[in-house]
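Trainee: Dropping a structure here in structure tokens format, bear with me for questions.
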Amino acid sequence: MRVRTAGAGAGAGRTVRRALVAGLGLALVALTPLPAQANATTGAAGEPVAATGAWADPVSGTGAAAAPADVSGAAAGPVGVTRTTLAADTVIPRGVTVDLVRRTMTLVAGEKRHLRGRLEATSTTTGIVGLTERIRCLDASGRTVPVVAASARNHEGSDTVTYATPGHLPLFADLLFTAPADGTYTCVLQGTAYSSLSGSYHLTAVAGKTWLEADDSDRVGAGWWQNPACESADSGGACTYVGTGPARRDAWVFYDDGTPSRRWQAHPDAVSVSAQANLELTTCYHGTASCATAMQAHPRGKNAVVDARFEFIQLGTTGHACRTHSTTARRTVTDDAHHAVGYSFLTGLPVDPACGTRDFLMRIYVKHVSGQTVKIDGVQSGVTSLTNGIAFNNFG
């Protein structure tokens, strides 16, 4: 998967996609979970503590399906949020990046805004067409301000009935934007379609269901996580994989995957904290252009099953876990969709004074269960983040 520019090959027709898509360079996947496991929060001695958390797959409508649209408000406290909605259905042609919705803000240096984008797309073909959603912010001169947040997945065709709304593919992306200097910034929700299909076809961003949300005021003290560089083809072997063969059996995203060690400190006036993470995974079937060759262990159609656990940990004075908040899910990542993002969140978490610090650690545990090796997507071209997390202070 390459999210910076349109790429070659996200699929063929309905028959071909079940038999010959192994030759494609850009095919994108779904996270279809088994029944979600309960979230848990424990203290130092293992006793349960109150917590609110879940994961969500809005594509299939399973898990806490409303959460990707609602968690921003839940974490906001007194911070207002404005949603700008796409007014008319907008065609996204193959190989073209289309600006869909924008929001302009005047900020001072260091001011933060949480932006969340939702892109819902339909297709004019029954074949597979790749879709990438981005949130990109530009300064007054038109230059992109890093980081760009992205989310990607294949649209599996106009006749697809496994989506919550048949034929309608929704994607979400989140960005914590920090103004590098005083000035005016314009943040844009973009969509790109790509495929190796022949003939005439396009995707369409759906009016009313496609939108960009942005905070109305400073998101004081919020923190951003992103994992290391991981290019599309990974010719240099820099990405993290979990699976069989040479891949790791499990990994800790933001923790032991090369991410710089980071602690986040809750604001002294925060009454609670919240956290969320978007985890993008890619299946590594034979012939895909989205994984290192050594990681391609099975023919296309094997699919993958992984367990994922999102943790937000309050640390004690020794630097070890004092209170662990978590939410878990088992996910099946299919080769038809090939890339997919899962959304996890924990809201309204108390800051326990007994821990002696207000320091927190974020991480995601990913364990391979069966099937294809999967790649944990990271930062592409030094600027575009596909796996990321945000921590918020709640002041009211």
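Trainee: Report, in whole Å, the centroid distance computed from the Cα atoms of the range 337-380 and the range 83-121.
Mentor: Answer, in whole Å: 25.
Trainee: For Ala109 and Thr82 in the same chain, what is the full-extension length gain: residue separation times 0.36 nm, less their Cα-Cα distance, in nm? Intermediate values should be presented prior to the final figure.
Mentor: Numbers: separation 27, 0.36 × 27 = 9.72 nm, distance 2.12 nm.
Full extension of this stretch gives 7.6 nm more.
Trainee: Could you tell me whether the range 356-396 comes out rounded, prolate or oblate from its Cα gyration tensor? Rule is a ≥ b ≥ c as square roots of the eigenvalues, rounded for a/c under 1.5, then prolate if a/b exceeds b/c, otherwise oblate. Walk me through the numbers on the way to the answer.
Mentor: Numbers: a/c = 3.12, a/b = 1.61, b/c = 1.94.
It comes out oblate by the Cα gyration axes.
Trainee: Next up: Output the relative contact order of the range 186-261, whole-number percent, from Cα pairs under 8 angstrom with separation of 6+ residues.
Mentor: Values: 40 pairs, mean separation 15.2, N = 76.
Relative contact order for the range 186-261 comes out at 20 percent.
Trainee: Could you report the accessible area of Lys302 in Å², rounded to 10, computed with a 1.4 Å probe on the protein chains as they sit in the structure?
Mentor: Solvent-accessible area, nearest 10 Å²: 110 Å².
Trainee: Ranked from highest to lowest mean number of other Cβ atoms within 10 Å per residue, what is the order of the peptides 79-86, 168-175?
Mentor: 168-175, 79-86
Trainee: Now for a different question. For labels at Ala354 and Arg330 in the simple 7 Å Cα→Cβ model, what's the distance in nm?
Mentor: So the two model labels end up 3.3 nm from each other.
Trainee: Give me the number: length gained by fully extending Ala229 to Ser370, i.e. 0.36 nm times residue separation minus the C-alpha to C-alpha distance, one decimal in nm.
Mentor: Working: separation 141, 0.36 × 141 = 50.76 nm, distance 2.57 nm.
Full extension from Ala229 to Ser370 adds 48.2 nm.
Trainee: Could you check how much of the accessible area of the range 295-334 is carbon and sulfur, as a whole percent, using a 1.4 Å probe? Don't skip to the end; give the middle numbers.
Mentor: Details: 690 of 1380 Å².
C and S atoms contribute 50 percent here.
Trainee: Under the 0.36 nm per residue contour assumption, what length would be gained going from the current alpha-carbon distance of Ala238 and Val91 to full extension? Don't skip to the answer; put the middle values down first.
Mentor: Working: separation 147, 0.36 × 147 = 52.92 nm, distance 3.54 nm.
Stretched fully, the Ala238-Val91 segment lengthens by 49.4 nm.
Trainee: What is the list of residues in the range 325-346 whose amide nitrogen lies under 18 Å from a point 7 angstrom out from the Cα of Asp159, following Cα to Cβ?
Mentor: 336-337
Trainee: Moving on to the next point. Reachable lysines from Lys302, Cα under 21 Å, same-chain residues fewer than 8 places away excluded?
Mentor: Leaving aside lysines fewer than 8 places away in the same chain, those within reach of Lys302 are Lys367, Lys375.
Trainee: Same structure again: Accessible surface of Trp252 in the full protein assembly, 1.4 angstrom probe, to the nearest 10 Å²?
Mentor: Its heavy atoms expose roughly 50 Å² to the probe.
Trainee: Can I ask one more? Compute, for the range 308-396, the length of the dipole vector about the Cα centre, with Cβ point charges of +1 (Lys, Arg) and -1 (Asp, Glu) only. Units Debye, rounded to 20. The partial results should precede the final answer.
Mentor: Values: 8 positive and 6 negative charges, 36 e Å.
Computed charge dipole of the range 308-396: roughly 180 debye.
Trainee: Then there's this: Residues of the range 205-356: accessible area per residue at 1.4 Å, in Å²? Can you show the working numbers first?
Mentor: Working: 5390 Å² over 152 residues.
I get 35 Å² per residue for the range 205-356.
Trainee: Where does each of 327-337, 213-223 land if you order them by average Cβ count within 10 Å, highest first?
Mentor: Working: 327-337: 22.5, 213-223: 18.7.
By packing density, highest mean first, the sequence is 327-337, 213-223.
The values are calculated or read from the model by the stated rules, or taken from the named source; none is laboratory data. These numbers were taken from a predicted model, which means no experiment stands behind them. Positions of Cβ are generated from backbone atoms using ideal geometry, with glycine treated the same way; all protein chains shown enter the neighbour counts. Surface accessibility is based on the protein's heavy atoms, side chains included, excluding ligands, DNA and RNA. Shrake-Rupley method; radii C 1.70, N 1.55, O 1.52, S 1.80 Å.
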